[in-house]
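Below is one structure, written out as structure tokens; the observations come after it.
All of the numbers you see were taken from the coordinates with simple rules; none came from a lab. Keep in mind the model is a prediction, meaning the values are calculated, not measured. Quick reminder, even Gly has a Cβ in these numbers, built from the backbone with ideal geometry, and neighbours come from all protein chains shown.
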Amino acid sequence: MKLLIVLLMLSLSLSARSQSVSSDTPYFDSFRQGQKYWSYLIEAKSLGNNIWNVKIKTTFDPDAYGPHYHQTKIDCDKQLIYDQDGNIPRRVPKEWGDTSEMGLPELYEAVCEKKPE
């Protein structure tokens, strides 16, 4: 549940041309508080200078709420993920240390190391 809150806090709006990314394989999955969930990178737009706007879909089992969509901006060079207003950057940890960081290293890898283009 904290991952959902973190992803909501990190959301940003996507604009203009976005690149669709295969959402067949989740970049992150976990089990927390009796619920299995999967996060998928579904859109990515390069803003230049190794900065990306991304759209994420998270699904849950059991699916009581339907999929949740989140948007965020990632600065790959500085290893930062921004909140929903494009402010308050958060450093991406190499490995998540607490539940608020769950999925952040995996999202960074999916965008910055695997380059969705």
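Data table
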{"item": "9 Å beta-carbon shell around Q71, net charge (K/R +1, D/E -1)", "result": "+1"}
{"item": "Unit charges on C-beta of K, R, D, E only; dipole of the stretch 20-117, Debye", "result": "160 debye"}
